[in-house]
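As structure tokens, the structure follows; a few thoughts come after it.
Laboratory data are not the source of any read-out in this text; all were calculated from the coordinates shown. All of these numbers come straight from a predicted model, not from anything done at the bench. For neighbour counting, all protein chains shown are included, and Cβ atoms are generated from backbone atoms with ideal geometry for every residue, glycine included.
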């Protein structure tokens with residue numbers, strides 16, 4: 001989930017954006033930084049050019065049909081064996097304003113539904129960063145390669161809110177963003193009048209290229225329940241909502257110099273951000289508490305990778 005400054009320019013079918021290899025998305029979607037952009041918040045310090053076929057971990061479990069799911073039936077969740085609650089208030093690469101916490105008030109399961117809740121409350125994170133807002137960002141501990149990933153979700157609407165359901169490639173040795181690959185299945189900002197989906201990959205020199213689709217929706221669409229999905233193969237990526245395709249990127253459509261950065265196992269991430277370069281810092285205080293709701297997350301026909309801790313995307317420093 002990255003900041004979409006200059007978002008309109010990313011809505012062409014294929015966009016080759018020259019962005020330095022050290023730039024990272026702190027959340028989901030691309031931010032287009034100035035010359036003084038800092039390194040990616042989730043990225044290790046290794047500056048090795050991204051590899052389109054990164055190292056794979058041991059212990060891969062592959063299968064057909066449903067291979068992984070969380071139906072959120074356990075009221076003690078979210079399950080600590082399945083999800084990592086990421087923490088911090090350092091802006092996440094996008095100048096976001098929330099402090100992601102591991103507090104049960106910000107992420108909990110009730111009545112078979114995962115609640116990710118953004119609240120108006122001043123806090124300070126473990127590194128001393130202050131924030132007027134709290135929220136949650138959950139990442140699967142397992143990573144997945146290829147197959148279908150879907151979730152039934154209802155998102156909030158309000159100025160300053162940024163809901164996302166996305167996949168972020170592991171940091172296998174020698175791999176950095178954007179070479180690890182990023183699949184942005186669903187993003188809504190502010191009043192949820194536009195559904196956005198995107199992919200972010202690396203060029204031969206390690207800079208960013210992006211492909212994105214946007215669909216205008218009415219005021220109530222985002223706030224209703226919908227099934228968002230990505231069908232991911234070695235040769236294509238297709239996004240859909242409620243079974244209707246939003247767009248397909250075939251590998252064969254890449255332009256010279258664009259790498260297919262999507263053969264890397266990727267974690268599922270679900271988060272509700274506040275503010276940031278895309279939704280801006282114009283926050284509707286009356287929108288809080290804002291609830292991002294998840295009925296289920298399901299993975300089909302995919303490899304399930306038990307990823308070493310050292311490969312997990314880290315919080316910003």
Taking a ≥ b ≥ c as the square roots of the eigenvalues of the Cα gyration tensor, with a/c under 1.5 meaning rounded and otherwise prolate when a/b exceeds b/c and oblate if not, the stretch 170-317 is prolate
Pairs of Cα atoms under 8 Å, at least six residues apart: use those to get the relative contact order of the stretch 139-290, whole percent.
34
Please report Rg over Rh for the stretch 143-197, where both radii come from the alpha carbon positions and Rh follows the Kirkwood definition.
1.06
Cα pairs beyond 23 Å in the stretch 230-317, in percent, come to 51
Take peptides 125-138, 154-167 and line them up by average Cβ neighbours within 10 Å, highest first, as a rough protection proxy.
154-167, 125-138
Relative to the compact-globule scaling 2.2 N^0.38 Å, provide the ratio for the alpha-carbon radius of gyration of the stretch 217-281.
1.43
Compare the peptides 246-255, 183-192 by average per-residue count of other Cβ atoms within 10 angstrom and give them in order, highest first.
183-192, 246-255
